[in-house]
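This report concerns only the one structure given below.
The values are calculated or read from the model by the stated rules, or taken from the named source; none is laboratory data. Everything numeric in this text was worked out from a predicted model, so none of it was measured. In this analysis, Cβ positions are derived from the backbone assuming ideal geometry, glycine residues included, and neighbour counts consider all displayed protein chains.
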Amino acid sequence: MGPQAAEKAGTWRRLTAVTAEGVASGAPLMVGSKLLQGWLTASGVPLALIGLIPLAELPYTLKLFWAPLLDRWPITWPDRRRGWLLVMQLLLVAVIAAMALLRPSTDPASISAIGIAALVLAVCSATQDIAVDAYRTDLLPEQERGAGAAAAALGYRAAMLAVGAGGFVLAGRFGWPVALLAAAALVAAVVPFTLMAPALAPVQHPVTSLRQAVLGPAREFLFRAGPNRTWQLLLLVLLYRWPDGLLSAMAIPFLKLQGFSDADIGLVQGGWAIAATMAGTVLGGVLFTRLGMNRSLWLFALAGAAGNLSYWALAQFGGGFAGLIIAVSLENLTGGMVGAVFVALLMGLCNPRFSATQYALLSGVYAMSRSILSAPAGVLAEQAGWPVFFLLTAAAAIPAFLLLVRLAPWSEQEPRGTFDPARDAT
């Protein structure tokens, strides 16, 4: 095998690995949310109790607090990231399969058992997500980050579709325990891929203390980027996907108030939107390879703002079901592109020595744009009206563009402050 063929084969191995780990991330999330909600509802559990399920998902928000443990105490076989992946995936298989043995009812003991199972599932799944993000960050070379982000998103979305849609089909025909066992089997199917995935090179300066694991990531990032650029990079992470967060918060209420039926919204926002997002991630990965990081950040942000404007057109001019299809398609196609380059950006900002903690911290900063910064969306929509509101969601991209002028100039390849192995040896 020649050098070019070997390099191409290595690329495909890496992309296959991150796709499989994306599947392992998406499946447990859907089990602990949509599948569990459907199962409890079908079993006659009161809505007040079902409404408490999101509390069991808090580990996904709080995972940054134990991410340093994965940097400090790696499980070294097969390597420092895949060791944690294997342990978490085997635990997830066991937990999901054990959930199939439970029988939901209004009995307090039954509710408590399901609540504990959902919490354990979320802790294991969130911990696996830390390891997945760190493995992908450490594995992919700079030129493969866009394609790798797209591949991971494809695996994630495919698993969500399989467990979300396929799980309900199986539950309708064979019962909820079969649906849960099928989800457990899907996670188990990833285990051989984890074992055969490419190995990581040993890190040059491993973390040797918990104090170093907790304080080191912030210190390293601050030293590498410099005090002034550090806050600008964190602000870019916070604001880059803000337009998407504002739109997502009000998309369903807008469509309902426009008179679209639940069936139409479910069809379009379900399978159709996921398909459009998957297409967008593929397109984003392909274009990223040709454009590079900086130009992709600019162009994909412009595309995302244009996707938001499709909702403005729907609010301003109408268009019926055809207009709904066009708006949702553009929103999710461009959203997939934005998501691909954003994940690539987060990977580029991480030092492999602290990638578990740094990625978790950066993704935590981003999460605030979908929660805290997007919280006023309803008030804005009420005060301004739908057409103006959607114009404002597109205008929310302007702060990110102002930051890109300083941090990711069009003429340069990589944002200033990203990790360079040749430069940042420690």
Open item on the list: For the range 96-113, give me each residue that is in contact (Cβ under 8 Å) with a residue 12 or more places away in the chain, part of a helix (DSSP H, G or I) and surrounded by fewer than 23 Cβ atoms within 10 Å (Cβ to Cβ).
Closed with: Ala97, Ala98, Ile111
Task: Qualifying helices (runs of 4 or more DSSP H) (wholly inside the range 183-297; at least 1 residues being free of Cβ contacts under 8 Å to residues at least 40 places away in the same chain and polar (S, T, N, Q)) - done: 227-239
TODO: Return the total of residues in the range 411-421 being aromatic (Phe, Trp, Tyr) and either in the same structural domain as Ala344 (by TED's automatic domain parsing) or touching a Lys or Arg at 6+ places or on another chain (Cβ under 6 Å) (or both).
DONE: 0
Open item on the list: Of all residues being touching a helix residue (DSSP H, G or I) at 6+ places or on another chain (Cβ under 6 Å) and not aliphatic (A, V, I, L, M) in the range 114-127, which is surrounded by the most Cβ atoms within 10 Å (Cβ to Cβ)? Just the residue, please.
Closed with: Ser125
Open item on the list: Looking at Ala48, Ala67, Ala42, Ala56, can you tell me which residue is more than 30 Å from Gly175 (Cβ to Cβ) and assigned by TED's automatic domain parsing to the domain that holds Thr127?
Closed with: Ala67
TODO: Could you tell me which of the residues Ala356, Ala375, Ala367, Ala384 is touching an Asp or Glu at 6+ places or on another chain (Cβ under 9 Å), assigned by TED's automatic domain parsing to the domain that holds Phe254 and at pLDDT below 95?
DONE: Ala356
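Could you please let me know if Ser112 is within 21 Å of Val95 (Cβ to Cβ) and under 17 Å from the mean Cα position of the chain (by Cα)? Break it down stepwise before answering.
On the way: within 21 Å of Val95 (Cβ to Cβ): yes; under 17 Å from the mean Cα position of the chain (by Cα): no.
Spelling it out, it is not the case that Ser112 is within 21 Å of Val95 (Cβ to Cβ) and under 17 Å from the mean Cα position of the chain (by Cα).
From the list Leu29, Leu55, Leu62, Leu91, which one is modelled with pLDDT of 85 or more and surrounded by fewer than 17 Cβ atoms within 10 Å (Cβ to Cβ)?
Testing whether each residue is modelled with pLDDT of 85 or more and surrounded by fewer than 17 Cβ atoms within 10 Å (Cβ to Cβ) leaves just Leu62.
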- [ ] Return the residue satisfying two criteria in turn: it lies in the range 126-173 and is farther than 27 Å from Thr289 by Cα and not hydrophobic (A, V, I, L, M, F, W, C), and of such residues it is modelled with the lowest pLDDT.
- [x] Gly164
